[in-house]
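A short write-up of the structure that comes next.
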Amino acid sequence: MSLLPETFNWFPVFLSLKVALFASLIALLLGVGLGWLLARKNFFGRGLLEAILMLPLVLPPTVVGYAILVLGGRQSALGGWLYRYFDYSIIFNWHGAVIASSVVALPLILKTATVAFRNTDKTLEAASFTLGQSCFSTFIRITLPLAWPAILGGCLLAFARAMGEFGATLMVAGSIPGKTETLSMAIYNASQSGQDSLALSYVAIAAVVSISILLISNRYLERNTAAPL
């Protein structure tokens, strides 16, 4: 006998995991690059750039979603060009959910990466340079491994944040069953239609995934913090 209601559908769960994975990878790549730039380079407008990049953390998700619609919708220059020549649009597409989730998850990785790069041991980097290593080689072999535990912690939190994204995703991708309905939307739709048992099932799965991510994150950070240098 199944504990799940007959109307339960695994699609929102798998879609949320897929969206969160791609969004986390995008946010990781951007967060590491931008975090290093903000931590190591002095340039005009650095503080303003960091504030703009951190905005999704404090703005209402609907504002973030509206901004994505303005910049990437069919009426925008980029969105119109993609739709006109490639018949492609992020609107009502799970790709739009990935973009929305990566935008709201980026600040979590960006902040941890920036702090981690600022606090890495510069003497080890200087020693690498004296041994003839290039900037890129030093970054890959010295800087990134030193900062990685903190960055990974931020990445896991970003994954959890992307899984729970609702407002921005709803505005960009909508809530189309079998196409763009993520786990958070499935919970909302089930509660609105009076299907409490279905909503509780989705909530339980979301809670298990989120707790698992936090446990893995804490375990990894504790192990790396306790490891001798």
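Readers should treat all values here as calculations from the given coordinates under stated rules, not as data from a laboratory. None of the values given here were measured: they were computed from a predicted structure. Counting neighbours? That spans all protein chains shown, and the Cβs are built from the backbone with ideal geometry, glycine included.
Between Ser134 and Val70, the contour length at 0.36 nm per residue exceeds the Cα-Cα span by 18.9 nm. Given 37 °C and 0.692 mPa s, how large is the Stokes-Einstein diffusion coefficient of region 62-123 in µm²/s, with Rh as the Kirkwood radius over Cα pairs? For these conditions, the coefficient is 243 µm²/s.
In a fully extended conformation the segment linking Ile176 and Leu17 would gain 55.6 nm over its present Cα-Cα distance, using 0.36 nm per residue. The smallest convex shape that holds all Cα atoms of the chain, its convex hull, gives 161 Å³ per residue.
Note that region 7-16 has calculated 3J(HN,Hα) couplings of 7, 5, 10, 6, 4, x, 5, 5, 5, 4 Hz, one per residue in order, obtained from phi through the Karplus relation 6.51 cos²θ - 1.76 cosθ + 1.60 (θ = phi - 60°); glycine and proline are x.
Using Cα-Cα distances under 8 Å and only pairs 6 or more residues apart, what relative contact order does the chain have, in percent? Reported as a whole number, the value is 31 percent. Couplings for region 177-187, taken from phi via the Karplus curve 6.51 cos²θ - 1.76 cosθ + 1.60 with θ = phi - 60°, read x, x, 9, 10, 7, 8, 4, 5, 5, 5, 5 Hz in order; Gly and Pro are left as x. Extension gain for Thr62 to Asp121 (0.36 nm times residue separation, less C-alpha to C-alpha distance): 17.2 nm.
In sequence order, region 104-109 has phi-based couplings of 6, 8, 3, x, 5, 7 Hz under the Karplus curve 6.51 cos²θ - 1.76 cosθ + 1.60, θ = phi - 60°, and Gly or Pro positions carry x.
Each of Val172, Val64, Val58, Val115 was scored by other Cβ atoms within 10 Å of its Cβ. Arranged with the fewest first, they read Val58, Val115, Val64, Val172.
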